[in-house]
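Q: Below is the structure I would like to discuss, written out as structure tokens.
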Amino acid sequence: MCGIAGQYNIAPRPADSALLRRMLDRLAHRGPDAEGLWVAGSVGLGHRRLAIIDRSVAANQPMLDAQQRYVLTYNGELYNYRALRAALPNYPFQTQSDTEVILAAYAQWGQAFLSRLNGMFALALFDRHTGQLLLARDRLGEKPLYYHHLAGQLLFASEIRALLVTQQVPRQLAANALGLYLRYQTVPAPDTLVAGIHQLPAGCIALVNGSNFSITPYWSIVNPEKITPPPNRQIAAMEVRSRLQQAVATRMVSDVPVGAFLSGGMDSGAVVGLMAQVSTEPVNTFTLAFAEAGFDESGPAAALARRFTTRHHTLSVSAADALAQLPAMLASLDTPGADGLNTFIVAKWAKEAGISVVLSGLGGDELFGGYSSFARYRWLQRYGWLWQLPPALRLTLAPLARLTQWPATKVADWLRLPHNTPEHVFPLFRQALPDTLVNQLLPQATPTDSLKTFFREQADALWQLPPMSQTTVGEWKTYAEPLLLRDADQMSMAHALELRTPFFDYTLVEYMLQLPDDLKTGPFAKQLLANALPDILPARLARQPKMGFTLPWDSWLRGSLRSFAQERVTQLAQRGLLTPAVVNAVWKRFLAHDPAIRWNQIWLLVVLEDWLQQHDF
């Protein structure tokens, strides 16, 4: 896990070593163990290293292959590097690193090497013979990669701040970015908040050669590898267990101490239980405790820790503690989002305890149907005939829609949808601010919605998947990839802590996407996961209410964090980006306990203003 940066000049001018070093300085938190720079002619590659596998100097980057033809700077971990290394017996390996395996794989298989990689990564590989630069990002978007392609050059980096420090990117917000951010608490790929800076989409490869620049997907979540569905739930559960065991075991490979975040629920419990079966010593587990009983999972987490005989650590967090850490957390945000403080706090604590790698239960809800969106999508499909009615008549049926237990504000938005299709439904599931409020805040904006575009373009392939798998794709595209995985990367790497997510192993994801719904569903949510791990997951876990690894923001924003939030909301209203009267009205409605205004809708405004200040916009 590291930070990467680079410059590719299309015009015949040398790469700027000083500029690259400034970029690397902004990425120092991602890689405190070593810094490397390779410059030749018009191309420069930089690297900040967090040493996890083969911590020797020989494994530092940028790294050249044995023939000195290819140069690689790489951020991430390759979980199947040992198997790939065994498949390349003729390569003269000089290290035990996964980095060198990537170079050897490219030398052997060319661009097809990406289909053989199982890991999380963002990489840049330069061919000194052809002058071609290859950029690639892992299938599910665990590792970020941003680029600026303009004025005869390409700049790229692991974080936006490293591109801003070059002073070659104007500090200007992208035209449609604010609308996307207000809707989804994030700006999905390929866009960012900053004009001229883009994200390489997950599962994509970019090729740069002179003035030629192209981006193509090498993997798509809506086209998983075909399997023969198992005949019954028992066989499906056995296969899920096998794949998840393998995902956990390979993610425990490390030359530094490994731990896990334990929230007390099924997902982190499954990960820690499987880790305990593999590990030769007690697993280090970390959880947060809160005074607010509705958010405290320290009791169930402690019970799981005893069950798996872990070396358990519990940290009590108060509103005062959160406030004290808030400035550092916000300064760590490379791009704003609606949450992340929880991960920031527990990651900092784990790193201080001597842990450099942690496993997380992220992804379990997306794969096994843990979110309410799975039940709601089934309900919407069951009553699809409603969309044959006129919109006005549909609105009279609001009481029916409330059977889905949606918030009242979402019911009206749902009933106004022009069609009951993924293009409209899935973005609405994760929409933070309703369109009516977004239009009041941005009355002149008509933003292009990249999420709706994705579902529209992938409609034919998406309809080939079972309904629950369609929802998995929807949750990944609207929530997990643009927000959860991004925040997990930002908040863990702020402390040079590598976070690994076994549930996002692409082979497990592909298998789950092919399973019929009747093999996944049951009396309670995530039935198949419980069936796969009956000896690990207590029966009570499957039936207990979902809480999640969250903080009690609602009470904090009206209490200890009120002055902090109000100051930033007021400053945001004065910028002229949003309609001032509407910004101030939203804040007042929240303080008055208006149920239509939730804490995350306020927090996304607070974080936006703080981010604009942090980055001199």
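Q: Which number in (1) under 18 Å from residue 356 (Cα atoms); (2) under 24 Å from the mean Cα position of the chain (by Cα); (3) surrounded by 18 or more Cβ atoms within 10 Å (Cβ to Cβ) marks the one condition that residue 81 misses?
A: For residue 81, the failing item is (1).
Q: Follow-up. Among the listed residues 215, 205, 227, 221, which satisfies the condition of being in contact with a Cys (Cβ under 9 Å, 6 or more places away or on another chain) and in contact (Cβ under 8 Å) with a residue 12 or more places away in the chain? Walk me through how you get there before you give the answer.
A: Values: 205 fails: in contact with a Cys (Cβ under 9 Å, 6 or more places away or on another chain); 227 fails: in contact with a Cys (Cβ under 9 Å, 6 or more places away or on another chain); 221 fails: in contact with a Cys (Cβ under 9 Å, 6 or more places away or on another chain).
Going through 215, 205, 227, 221 in turn, the sole match is 215.
Q: If residue 310 passes every condition in (1) out of contact with any Phe, Trp or Tyr (no Cβ under 9 Å at 6 or more places or on another chain); (2) closer than 22 Å to residue 499 by Cα; (3) surrounded by fewer than 22 Cβ atoms within 10 Å (Cβ to Cβ) but one, which one does it miss?
A: (3)
Q: For segment 111-146, what are the residues that are open to solvent by 20 Å² or more (accessible area, probe 1.4 Å) and closer than 30 Å to residue 473 by Cβ?
A: 111, 112, 115, 116, 118
Q: Moving to a separate point now. Against the definition (without any contact (Cβ under 8 Å) to a residue 40 or more places away in the chain and within 30 Å of residue 96 (Cβ to Cβ)), how does residue 195 come out, yes or no?
A: Against the criterion (without any contact (Cβ under 8 Å) to a residue 40 or more places away in the chain and within 30 Å of residue 96 (Cβ to Cβ)), residue 195 does not qualify.
Q: Check residue 514 against each of (1) within 30 Å of residue 352 (Cβ to Cβ); (2) in contact (Cβ under 8 Å) with a residue 24 or more places away in the chain and name the one condition it does not meet.
A: It fails just one condition, (1).
Q: Please list, ordered by residue number, the strands (runs of 3 or more DSSP E) wholly in segment 131-225 having 1 or more residues that are among the charged types (D, E, K, R), closer than 17 Å to residue 4 by Cα and at pLDDT 95 or above. Don't jump to the end; show me each part of the working.
A: Details: elements: 133-137, 146-150, 153-157, 204-209, 212-217.
By residue number, 133-137.
Q: Which of the numbered conditions does residue 401 fail, given that it passes all the others? Conditions: (1) in a helix (DSSP H, G or I); (2) surrounded by 19 or more Cβ atoms within 10 Å (Cβ to Cβ); (3) modelled with pLDDT of 85 or more.
A: Of the numbered conditions (1) in a helix (DSSP H, G or I); (2) surrounded by 19 or more Cβ atoms within 10 Å (Cβ to Cβ); (3) modelled with pLDDT of 85 or more, the odd one out for residue 401 is (3).
Q: Hey, another quick one. Quick one: how many residues across segment 365-390 are part of a helix (DSSP H, G or I), under 26 Å from residue 509 (Cα atoms) and of a type outside the set (Lys, Arg)?
A: 12
Q: Name the pairs whose Cβ atoms lie under 7 Å apart, with the first residue in segment 331-345 and closer than 18 Å to residue 360 by Cβ and in contact (Cβ under 8 Å) with a residue 12 or more places away in the chain, the second among the β-branched types (Val, Ile, Thr) and assigned to a loop (DSSP other than H, G, I, E, B), and 6 or more positions between them or separate chains?
A: 337/186; 342/550
Q: Now, a different point. Quick check, is residue 125 outside any loop (DSSP other than H, G, I, E, B) and among the aliphatic types (A, V, I, L, M)? Let's see the steps before the verdict.
A: Numbers: outside any loop (DSSP other than H, G, I, E, B): yes; among the aliphatic types (A, V, I, L, M): yes.
Here the answer is yes, as residue 125 does meet what is asked.
Q: Pairs needed: first member in segment 125-154, more than 11 Å from residue 74 (Cα to Cα); second member anywhere, of a type in the set (Lys, Arg) and open to solvent by 10 Å² or more (accessible area, probe 1.4 Å); C-beta distance under 7 Å; at least 6 residues apart or different chains.
A: Taking only residues 6 or more apart or on different chains, the pairs are 127/69; 128/69; 129/69; 144/486.
Q: Since residue 381 meets every condition but one in (1) touching a His at 6+ places or on another chain (Cβ under 9 Å); (2) open to solvent by 10 Å² or more (accessible area, probe 1.4 Å), which condition does it not meet?
A: Answer for residue 381: the failing condition is (1).
Q: I've got another one for you. Out of everything in segment 1-35 that is under 18 Å from residue 163 (Cβ atoms) and basic (Lys, Arg), what residue ends up being least open to solvent (accessible area, probe 1.4 Å)?
A: Taking the candidates together, the pick is 30.
Q: Is it the case, given these coordinates, that residue 532 is buried (at least 22 other Cβ atoms within 10 Å of the Cβ), among the small types (Gly, Ala, Ser) and farther than 21 Å from residue 246 by Cβ? First the steps, then the outcome.
A: Numbers: buried (at least 22 other Cβ atoms within 10 Å of the Cβ): yes; among the small types (Gly, Ala, Ser): yes; farther than 21 Å from residue 246 by Cβ: no.
In short, no.
Q: Next up: Of all residues in segment 223-268, how many are open to solvent by less than 20 Å² (accessible area, probe 1.4 Å) and touching a Pro at 6+ places or on another chain (Cβ under 8 Å)?
A: 7
Q: Right, another one. State whether one or more residues within segment 66-74 are more than 26 Å from residue 35 (Cβ to Cβ) and at pLDDT 95 or above.
A: no
Q: Filter segment 417-432 down to residues that are under 20 Å from residue 481 (Cβ atoms) and not charged (D, E, K, R), then give me how many there are.
A: Total satisfying the criteria: 9.
Q: Just for segment 242-296: of the residues that are in a strand (DSSP E or B) and in contact with a Gly (Cβ under 8 Å, 6 or more places away or on another chain), which one is nearest to residue 369 (Cα to Cα)?
A: Checked segment 242-296; the qualifying residue nearest to residue 369 (Cα to Cα) is 261.
Q: For segment 36-77, how many residues are within 17 Å of residue 154 (Cα to Cα), open to solvent by 50 Å² or more (accessible area, probe 1.4 Å) and in a loop (DSSP other than H, G, I, E, B)?
A: The qualifying residues number 1.
Q: Something else about it: Filter segment 269-302 down to the residues that are open to solvent by 30 Å² or more (accessible area, probe 1.4 Å) and either within 18 Å of residue 499 (Cα to Cα) or not charged (D, E, K, R) (or both) and list them by number. Show your work before the answer.
A: Step one: filter segment 269-302 for residues open to solvent by 30 Å² or more (accessible area, probe 1.4 Å), giving 276-282, 291-296, 299-300.
276, 277, 278, 279, 280, 282, 291, 293, 294, 295, 299, 300, listed by residue number.
Q: Something else: Is it the case that segment 99-108 has a residue that's open to solvent by 60 Å² or more (accessible area, probe 1.4 Å), more than 25 Å from residue 159 (Cβ to Cβ) and part of a helix (DSSP H, G or I)?
A: Kept after step one, since they are open to solvent by 60 Å² or more (accessible area, probe 1.4 Å), are these residues of segment 99-108: 108.
Now restrict to residues that are more than 25 Å from residue 159 (Cβ to Cβ): 108.
Then drop every residue that is not part of a helix (DSSP H, G or I), which leaves 108.
The answer is yes; a qualifying residue exists.
Q: Would a scan of segment 340-356 turn up a residue that is touching a Lys or Arg at 6+ places or on another chain (Cβ under 9 Å), open to solvent by 10 Å² or more (accessible area, probe 1.4 Å), modelled with pLDDT of 95 or more and not in a loop (DSSP other than H, G, I, E, B)?
A: no
Q: Residue 480 is checked against (1) of a type in the set (A, V, I, L, M); (2) within 17 Å of residue 271 (Cα to Cα); (3) surrounded by 23 or more Cβ atoms within 10 Å (Cβ to Cβ) and fails just one. What number does that condition carry?
A: (2)
Q: Which residue, of 362, 393, 330, is in a helix (DSSP H, G or I) and touching a helix residue (DSSP H, G or I) at 6+ places or on another chain (Cβ under 7 Å)?
A: Every option except 330 fails the conditions.
Q: Can you pull out the residues in segment 518-528 that are farther than 13 Å from residue 244 by Cβ, open to solvent by less than 30 Å² (accessible area, probe 1.4 Å) and charged (D, E, K, R)?
A: 520
The values are calculated or read from the model by the stated rules, or taken from the named source; none is laboratory data. Remember, it's a predicted structure, so these values are computed and weren't measured experimentally. Cβ atoms come from the backbone with ideal geometry, glycine included; neighbour counts cover every protein chain shown. These area figures cover heavy atoms from the full protein model, side chains too; ligands, DNA and RNA do not enter into them. Shrake-Rupley method; radii C 1.70, N 1.55, O 1.52, S 1.80 Å.
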